[in-house]
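The values are calculated or read from the model by the stated rules, or taken from the named source; none is laboratory data. For clarity, every value in this text was computed on a predicted model and none was experimentally measured. We place every Cβ from the backbone using ideal geometry, glycine too, and count neighbours over all the protein chains shown. When the accessible area is computed, the model is the full protein with side chains, heavy atoms only, and any ligands, DNA or RNA have been set aside. Shrake-Rupley method; radii C 1.70, N 1.55, O 1.52, S 1.80 Å.
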Amino acid sequence: MSELRELYQELILDHGRQPRNNGVLEDANHIKEGYNPLCGDKLTLYIKEENGLVQNIRFQGEGCAISIASASMMTQALKGKTIIEAKKIFELFHQAVTEDLNDADEKKLGKLIVLSGVKDFPMRVKCATLAWHTMSAALNNDATIVSTE
Ligand code: ZN
């Protein structure tokens, strides 16, 4: 188990240091800001939605390794997915970071499961879910700035 944890940590650190899909997306049609005042994590999420698909997704932000890694992995997981799939993955991810998932659901999450370790640290759950709440609000065209508080 400790080896698995180390592997998880490595993946989080890697994404935290070298976030994927990082930067402005010029032709985004959903743009949303999210803020986690407890930790100071901030991000802007850009989504290009076409025909019910997340065609492209990028983010810009600053914050702790968990918040950046989660945003980075989220963009990888959601690119090319339908909006409905994206919302389902969010639901599963939210469960994974707050309670125990069954094996079948864990498999559906793929690499994202590495972030489920935050479950034991309620403050960190907000870091890990910031990008996801922001994504959900962006797709719902919610006008307010997302705050985890
Ligand atoms: Zn944080």
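Only one of (1) away from the ligand (no atom under 16 Å from the Cβ); (2) in contact (Cβ under 8 Å) with a residue 40 or more places away in the chain; (3) more than 27 Å from I145 (Cβ to Cβ) fails for L13. Which number is that? Only one criterion is unmet by L13, namely (1).
Evaluated against (1) closer than 25 Å to L4 by Cα; (2) among the aliphatic types (A, V, I, L, M); (3) within 13 Å of the ligand (Cβ to nearest atom), L38 falls short on exactly one condition, (1). Pairs are defined by a Cβ separation below 6 Å, a sequence spacing of at least 6 or placement on different chains, a first member in segment 33-49 that is farther than 13 Å from S67 by Cβ and open to solvent by 30 Å² or more (accessible area, probe 1.4 Å), and a second member that is among the small types (G, A, S) and outside any strand (DSSP E or B); the pairs so defined are K48/A28. Across segment 84-108, the number of residues qualifying as of a type outside the set (G, A, S) and in contact (Cβ under 8 Å) with a residue 24 or more places away in the chain comes to 7. Residues of segment 50-78 that are open to solvent by less than 10 Å² (accessible area, probe 1.4 Å) and within 16 Å of the ligand (Cβ to nearest atom): F59, S67, A69, S70, A71, S72, M73, M74.
If a residue must be within 16 Å of the ligand (Cβ to nearest atom), free of Cβ contacts under 8 Å to residues at least 60 places away in the same chain and either open to solvent by 10 Å² or more (accessible area, probe 1.4 Å) or under 18 Å from N56 (Cβ atoms) (or both), how many such residues does segment 125-143 contain?
From segment 125-143, those within 16 Å of the ligand (Cβ to nearest atom) are 125-134; that's our starting set.
Okay, now just the ones that are also free of Cβ contacts under 8 Å to residues at least 60 places away in the same chain, so 125, 129.
Now drop any that are not either open to solvent by 10 Å² or more (accessible area, probe 1.4 Å) or under 18 Å from N56 (Cβ atoms) (or both), which leaves 125.
Summing the residues that are within 16 Å of the ligand (Cβ to nearest atom), free of Cβ contacts under 8 Å to residues at least 60 places away in the same chain and either open to solvent by 10 Å² or more (accessible area, probe 1.4 Å) or under 18 Å from N56 (Cβ atoms) (or both) in segment 125-143 gives 1.
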